[in-house]
Amino acid sequence: MLKNNINQEMAIRHGDGPCLVVAGPGSGKTYVLTNRVLNLIDCLDIYAENILVITFTRAAANEMRQRFLNIAKDNKVTLDGIPKFGTFHSVFFDILKTNFGYDLNSLLNSSEEKKLLTVTIDNQKKFKVSLDFINNVLKDIKLYKLSLEKNEIFVPTSLNRNDFFKVYQNYQEKLFLNKKLDFSDMIFKCYELLMADKKILNHYRKQFKYILIDEFQDINKIQYDLIKLVCKNQNIFVVGDDDQSIYSFRGSRPKVMSDFLKDFKHARVINLNENYRCAKQIVKFSKLVIDCNKERFKKNLVSNRNEIGKVEIKSFIDASEENNYIISLIKKYKKLGNKLSDMAILYRTNILSNSIISTLSKYNIKYKVKNDENNLKDNAGLKKTKSNNEDYINLMTFHLSKGLEFNIVFIIDTNDGLIPHKKSIRDNDLETERRLFYVAITRAKNSLHVCFTTRRFGKDFKPSRFILEAIGGRNG
């Protein structure tokens, strides 16, 4: 960005007191956060050690820290220290390490969590144990811890309430006896500690006088309650977009944005509505999609770019025809000077990638698949570390595309029952699915190709209702 727009400037120069920054896709939220930290230090004389910046992934925290250091260097600002940049888990686990003596060996990894829970359930000799069953019980345990709901309110999906709480109690006892923590305990135990010990709480209140939170829409209840506990002076600055809240299965809720305004009644609200990423047609299409959601902050999103860009919505008889068309476009874009790494193929669930992967392999087009463990796999199926020397087209789910951007994006299999997913249709969770589609759309900078088929599995299929809404076929 060559210069700040007026809303970015207001956010950067915000002083004391609560502030909610509603940041649409590509609106420069990282730019605003890092420059605000510098402004606190350079213009408001706040000590770096009194500033805490929280985001959701280690990579994002490291990137933000480095960008802050670069900005400070470019502006010739001498630092007396470096603010703390970290994830929720790293920040609050540091508090547990300092006060309880936990270390990294205390943490169970995902495999160890499953083993411990399996032993717990086997001891009861009551349930037929399978991997899916264990995963579902673990999901309920995590949601219960992170929701802070009372026993009589929480509704598990894996077991009836009585059986669930017996399993939960035994699982927690085993963790305690083995002096171990699972991933959720990094937050849960810290919350218990700060609620119980005012001396420790006041220590961290004095240390973290200014708190900034990135991706605020992804926060869950216990994380939010922890933050409210620590920021007694109300110098809290949160940046988020309720339209990009897509992690309800982890306990996040887009409603947290409106809750913030109820809890911090005098909060300033700043809208970052200029999209520096997406060309005009892509922004227009994304608005037509997301405006159908009712529970959201209304936004006047506009593209800051002069380019019109391209949005193509195209139907195909079947997956084979869809795949061949995508291959032809990949070759065309390459001839026009685009790299494979400038392109991404996005899909709702991993299983939908099988067909296009087979076709990419057939035509010897290199690809990399980003999976939930953040591993990359090449054409041979071998795990690879990231490499800026090899050229691959990017394949990933909508969820994993969040935070990324590509010149050219292909969204495949945009059929009703796939997006929105049939389970979400059944559970009446269309707004979450529409947000997920919106996230996928707004990964595209210049060209967006939305593809759907009319036949799948020997049956007729309809295009996604989200496409029909956006192009005016029907509403709701």
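The values are calculated or read from the model by the stated rules, or taken from the named source; none is laboratory data. Source: prediction; values computed, not measured. Positions of Cβ are backbone-derived with ideal geometry, glycine not excepted, and every protein chain shown enters the neighbour counts. Accessible surface areas use protein heavy atoms only, side chains included; no ligands, DNA or RNA. Shrake-Rupley method; radii C 1.70, N 1.55, O 1.52, S 1.80 Å.
With point charges of +1 on the Cβ of Lys and Arg and -1 on the Cβ of Asp and Glu, referenced to the Cα centre of the chain, which listed residue (160, 254, 403) lies farthest in the positive direction of the dipole?
403
Using r as the Cβ-Cβ distance of residue 5 and residue 391, and R0 as 25 Å, what FRET efficiency do you calculate, to the nearest 0.05?
0.15
For residue 302, what is the net charge nearby, where nearby means another residue's Cβ is under 11 Å from its Cβ and Lys, Arg count +1, Asp, Glu -1?
Here the charged neighbours net out to +4.
Please report the net charge: other residues with Cβ closer than 13 Å to the Cβ of residue 443, K and R +1, D and E -1.
Its environment carries a net charge of +2.
For the stretch 114-147, run through the chymotrypsin sites (Phe, Trp or Tyr not before Pro) and keep only the ones in DSSP coil with at most 16 other Cβ atoms within 10 Å of their Cβ.
Loop-located and lightly packed - 127.
Ignoring any ligand, DNA or RNA, what whole percent of the accessible area of the chain comes from carbon and sulfur when the probe is 1.4 angstrom?
C and S atoms contribute 50 percent here.
Using the Cα atoms of the stretch 1-71 to build a convex hull, what is its mean projected area in square nanometres?
In nm², the orientation-averaged hull projection of the stretch 1-71 is 5.2.
To the nearest 500 deg cm²/dmol, what mean residue ellipticity at 222 nm is calculated for the chain from DSSP H runs of n ≥ 4 alone, each contributing -39,500 (n - 2.57), summed and divided by the residues?
Computed mean residue ellipticity for the chain: -13000 deg cm²/dmol.
I'd like the projected area of the stretch 162-241, averaged over all directions, using the convex hull of its alpha carbons. Report it in nm² with one decimal.
6.9
Projected onto the charge dipole of the stretch 11-119 (+1 at Lys/Arg Cβ, -1 at Asp/Glu Cβ, origin at the Cα centre), which of 50, 118, 15 gives the Cα projection farthest towards the positive end?
Of the candidates, 118 comes out farthest on the positive side.
Determine the dipole magnitude for the chain: charges of +1 sit on the beta-carbon of Lys and Arg, -1 on that of Asp and Glu, nothing else is charged, the reference point is the Cα centre, and the result goes in debye to the nearest 20.
Here the size comes out at about 520 debye.
When we measure straight from the Cα of residue 125, which lysines land under 20 angstrom away, once same-chain ones fewer than 8 places off are left out?
114, 115, 166, 174
Pairs to check: 310/402; 255/402; 73/221; 221/402; 142/287. Give those whose C-alpha atoms are more than 28 Å from each other in this structure.
Long pairs (Cα-Cα over 28 Å): 73/221; 142/287.
What is the sum of charges, Lys and Arg at +1 and Asp and Glu at -1, for the other residues whose Cβ falls under 13 Å from the Cβ of residue 100?
-1
Give me the one-decimal Kirkwood hydrodynamic radius in Å for the chain, with the sum taken over alpha-carbon pairs.
So the Kirkwood estimate lands at 24.3 Å.
For the stretch 191-327, what is Rg from Cα atoms divided by 2.2 N^0.38 Å, rounded to two decimals?
Here the answer is 1.44, to two decimals.
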